[in-house]
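Bear in mind these aren't lab numbers, they're just calculated from the coordinates by the rules spelled out. For clarity, every value in this text was computed on a predicted model and none was experimentally measured. All Cβ positions, glycine included, derive from the backbone under ideal geometry; neighbour counts span all protein chains shown.
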Amino acid sequence: AYAKRKVVELDSISPIDPENDGKLVHVTGHVTTDGGLVDPKFGLFRPNALQLTSTTEAYQWKEKRNERKTRVSETETKVVVEYRYIKEWTKRPIESNRFQSPGHNNPYPKYGLGRDTMTVNDARISNGLRLRPDLVNQIGTTSFRVNGISDRPHHHCTSPVILGSGEDLPHTDDAVISSNKLYFPENKRPSELIDLDHGSQQLDRILSTRIAIVRSMPSPEVGDIRVSWLEVTAPSDGVSILAQQQDGKLVPWSHGDEGHNVYSLFPGRFTAQTMILELIGKSKFVTRLLRFGGWVGSFIGLNLVLSCIPALLKLVPFGIGNILEPLAYIATSTIALGASFGLSLAVISVAWLRFRPLLAAGLAFLSGAGFLGPLYYARWKRSPEVEEMDAKLRAPMNMKE
């Protein structure tokens, strides 16, 4: 609510006003970059990319372990461990010297495997305000689920890089392009993979001027490497930003002691009111999720603490333990359920005490009910058989008195 009152609307074409430094601002416009991005490992240049992600994979042997039990006698079983080996594309090196069976060797990849992400550091909005990389990253990751925003069309910012004829890549003699991926064969030359009817002289001229293009790659061999890219470009219909203006750039904004940061970018053009409602909806969802997770965690923890009671009762001889164990398990689970419910409500009520005392009082009442509920049920809702047994147990004590 405070953010709604304090937000300042900025014109996307007006120059930066230093008077707005330190204030929460809302601005819409187009994102631009001067330099684009270059992949430092492979040299791919994308002039309009705001974010570039490369995925490097190697074709390697992978060990699969399987265990099965085999009965060797009426009273004994034996665990048989079997290993099998498959070849697949992986994003991390697999050390074949640790395999149980020889003959499945993985050459060490000549390029680092995995996923690498680069983000421009010179992005700016239409009026000149600079965007930090962590704000630019939200262009490709922001999702909308509240207030109908998800139903509004917006530019799909993330897309695979189309390598085409390799004009954005530096020339290399040991790679080919196929299906928008860059392949580095381990045991073959690019000329062996080209499916074209060219003479040797014309083929040599093609390979000396650009990376070879293969329509259909043959079956991969162990040691082959392939690289693919995803890029995030500026949304065609612009972006909407809520953040704090500070020294010509946009930074996170927070209000006083509450500690809630406002630092959001949505692809598309939305009003400040719509963006704030979206952020409030997401915050409420995360809060409910954390509360539920806290209750589940406390229930599991208390149940584990009390699990020793059924385990001890199971040790009672003459078959009595087998009867007492499930009964004790039901009792301890009921106690853990009530105690975890009460404990969770107690924590939530303390959190609300400063801002909504009446709500905190109501939650505290429910918390007490959660703690005392199982005891009340056990005391007043006992079956007649339990009452009769209790009376028999108390009779000798009353006679002694």
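Give the lysines whose C-alpha is closer than 16 Å to that of residue 249, dropping any in the same chain fewer than 8 places away, or say none. Qualifying lysines at Cα under 16 Å: 23.
As an equivalent ellipsoid, segment 67-136 spans semi-axes of 53, 19, 7 angstrom, where each value is the square root of five times an eigenvalue of the C-alpha gyration tensor, largest first. Set Lys and Arg Cβ to +1 and Asp and Glu Cβ to -1, take the dipole of segment 1-139 about its Cα centre, and tell me which of 12, 89, 104 lies farthest positive. So the residue we want is 104. Where a ≥ b ≥ c are the square roots of the eigenvalues of the C-alpha gyration tensor, would you call segment 1-55 rounded, which needs a/c under 1.5, or, failing that, prolate if a/b is larger than b/c, or oblate? Prolate, since a/c reaches 1.5 and a/b exceeds b/c. When the trypsin sites (Lys or Arg not before Pro) in segment 214-302 are filtered for DSSP coil states and for at most 14 other beta-carbon atoms within 10 Å of their beta-carbon, the remaining sites are 215. With an a/c value of 1.5 or above and a/b not larger than b/c for the gyration tensor axes a ≥ b ≥ c computed over the alpha-carbon atoms, segment 207-329 is described as oblate.
Here are some pairs, 64/181; 91/188; 91/284; 78/314; 181/282; 91/282; which of them have Cα atoms lying more than 25 Å apart in this structure? 64/181; 91/284; 78/314; 181/282; 91/282, as the Cα separations exceed 25 Å there. Subtracting the Cα-Cα distance of residue 318 and residue 334 from their residue separation scaled by 0.36 nm leaves 3.1 nm. Charges on Cβ only, +1 for Lys and Arg, -1 for Asp and Glu, centred on the Cα centroid of segment 16-89; of 58, 27, 70, which one is farthest towards the dipole's positive end? Comparing the listed Cα positions along the dipole, 70 ranks first. About its Cα centre, segment 278-368 has a charge dipole of approximately 400 debye under the convention of +1 per Lys or Arg Cβ and -1 per Asp or Glu Cβ, with nothing else charged.
Under the rule a/c < 1.5 gives rounded, and otherwise a/b versus b/c splits prolate from oblate, where does segment 278-327 land using the Cα gyration tensor? Intermediate results must be reported in sequence, preceding the final value.
Working: a/c = 10.88, a/b = 5.23, b/c = 2.08.
Prolate.
Volume per residue for segment 1-133 equals 223 cubic angstrom (convex hull of Cα atoms).
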